[in-house]
1. Under 6 Å by Cβ, and 6 or more places apart or on different chains, what pairs join a residue from region 1-27 that is free of Cβ contacts under 8 Å to residues at least 12 places away in the same chain with one that is buried (at least 19 other Cβ atoms within 10 Å of the Cβ)?
2. Pick from LEU37, LEU42, LEU81: which is modelled with pLDDT of 95 or more, of a type in the set (A, V, I, L, M), surrounded by 12 or more Cβ atoms within 10 Å (Cβ to Cβ) and within 14 Å of TYR18 (Cα to Cα)?
3. Name the single residue that is farthest from LEU104 (Cα to Cα) among those in region 1-22 being touching a strand residue (DSSP E or B) at 6+ places or on another chain (Cβ under 8 Å) and assigned to a helix (DSSP H, G or I).
4. Considering only region 162-170, I want to know if a residue exists there that is under 20 Å from GLU86 (Cβ atoms), open to solvent by less than 80 Å² (accessible area, probe 1.4 Å) and touching a residue at least 60 places away in the same chain (Cβ under 8 Å).
5. Out of everything in region 46-69 that is over 20 Å from the mean Cα position of the chain (by Cα) and of a type in the set (Val, Ile, Thr), what residue ends up being surrounded by the fewest Cβ atoms within 10 Å (Cβ to Cβ)?
6. Name the residues in region 106-137 that are among the acidic types (Asp, Glu) and either open to solvent by 90 Å² or more (accessible area, probe 1.4 Å) or in contact (Cβ under 8 Å) with a residue 12 or more places away in the chain (or both), would you?
Amino acid sequence: MTDLIILATLLPGPKHGYQIKHEAGLILGQGILHNNLVYPLLRRFMESKWVSRKAVPGKRGQTRQRYAITALGRKELVARLSSFSEQDARSEDGFRLRVGMFELLKPEVRGRILETRASFLRARIAHLTVIQTGFELDRYAREVTSQFCAETQSQLDWITHLHRLEKSRKDDSHE
């Protein structure tokens, strides 16, 4: 997922490595990402022709590297965001990342992602219901199970809201 976020930070335009490390780190909630994570990914992206690099003068006379996503990199990013399997649906972060980048994806892909995640969440609620009714749970186990059910239901409600946004978007485009 870090690789997708690093590629996505380049969508608005070219950036220096430090800015990429800072922005991707903020998105991931980790502060500034370490050089040993970011620069090997950028090298791999350049080898794949997803990112280009250009030397530019720095403010203090030094040479700095500026990275930019290529058309091929944007295509790869969209393809990888569009890929969302039942296994991917288990990842809350992977799901949120895709929703955060829905503007890049086609409506049918957005709908498939929402439905795949909703299907996983409905199965989770069914599983939790079996636990609640089939086991003798102490008060804290009941609390944890109830909280997990509530969180899962909240995300299903959010997916319903996202479906409505999609529908209103379609309705707006037909006017």
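The values are calculated or read from the model by the stated rules, or taken from the named source; none is laboratory data. Because the structure is a prediction, the values reported are computed rather than measured. Neighbour counts run over all protein chains shown; Cβ positions are idealised from the backbone, glycine included. Please note that ligands, DNA and RNA were not included when accessible areas were found on the heavy atoms of the full protein model with its side chains. Shrake-Rupley method; radii C 1.70, N 1.55, O 1.52, S 1.80 Å.
1. If the second residue must be buried (at least 19 other Cβ atoms within 10 Å of the Cβ), the pairs left are GLY25/LEU33.
2. Among LEU37, LEU42, LEU81, only LEU42 is modelled with pLDDT of 95 or more, of a type in the set (A, V, I, L, M), surrounded by 12 or more Cβ atoms within 10 Å (Cβ to Cβ) and within 14 Å of TYR18 (Cα to Cα).
3. GLY17
4. Looking through region 162-170, at least one residue is under 20 Å from GLU86 (Cβ atoms), open to solvent by less than 80 Å² (accessible area, probe 1.4 Å) and touching a residue at least 60 places away in the same chain (Cβ under 8 Å).
5. THR63
6. The answer is GLU108, GLU136.
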